[in-house]
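Working notes for the structure below.
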Amino acid sequence: QVQLVESGGGLVQAGGSLRLSCAASGSIASINFMAWYRQAPGKQRELVAAVTRGGTRNYSDSVKGRFTISRDNAKNTVYLQMNSLKPEDTAVYYCSARALSTTYWGQGTQVTVSS
């Protein structure tokens, strides 16, 4: 079992920045992939950024160059640094971890970008 707790969401003006954190606990050694997803009202959940155990990172085209995913293995925490935020980035952001064949989710954190 893996538990994920997100923090760092909030309200920010367009052009501003936020940093999301996701602290993992439990069977951490089995995690091979962590990612951030988001879901806006009336839309499907979409992958925003991901990082593998080996450090390979991937981003959706909509956030490439603005968002950075990173991980602190000592703290078992993954971060999402979000810069140059746009109103269309408004969504609930979810942390996800894949361990063996199971995907775990955090509770989500709201990010609202005002124009």
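Using a 1.4 Å probe over the heavy atoms of the protein chains, calculate the carbon and sulfur portion of the accessible area of the chain as a whole percent.
Ligands and nucleic acids excluded, carbon and sulfur reach 48 percent.
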Residue span Arg45 to Gln3: 0.36 nm per residue of separation minus Cα-Cα distance leaves a gain in nm of 13.1 nm
If you average the C-alpha positions of the stretch 12-27 and of the stretch 55-86 separately, how far apart do those two centres end up, in angstrom? 9
Per 5 angstrom bin, beginning at 0 and ending with the bin that holds the maximum distance, the Cα pairs of the stretch 33-81 fall in percents of 5, 21, 30, 22, 14, 6, 2, 0
Which of Ser27, Ser84, Ser96 moves the most in a Gaussian network model of the chain with Cα springs under 10 Å? Ser27
Max mean-square fluctuation residue, GNM over the chain, Cα-Cα springs under 10 Å, options Gly54, Gly65, Gly42: Gly42
Each label point is 7 Å from the Cα along the Cα-to-Cβ direction; what then is the distance between the points at Ser115 and Leu100, in nm? 4.8
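If you count only protein heavy atoms with a 1.4 Å probe, what accessible area per residue comes out for the chain, rounded to a whole Å²?
Per-residue value: 52 Å².
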Need one number: % antiparallel among DSSP beta bridges in the chain, to the nearest 5. 90
Along the Cα→Cβ direction, 7 angstrom out, place labels at Ala29 and Gln107. What is the inter-label distance in nm? 2.9
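The values are calculated or read from the model by the stated rules, or taken from the named source; none is laboratory data. All values reported here derive from a predicted model rather than from experimental measurement. With ideal geometry, Cβ positions are generated from the backbone for all residues, glycine too; neighbour counts draw on all protein chains shown. Note: accessible area is taken over every heavy atom of the protein model, side chains too, but ligands, DNA and RNA are not part of it. Shrake-Rupley method; radii C 1.70, N 1.55, O 1.52, S 1.80 Å.
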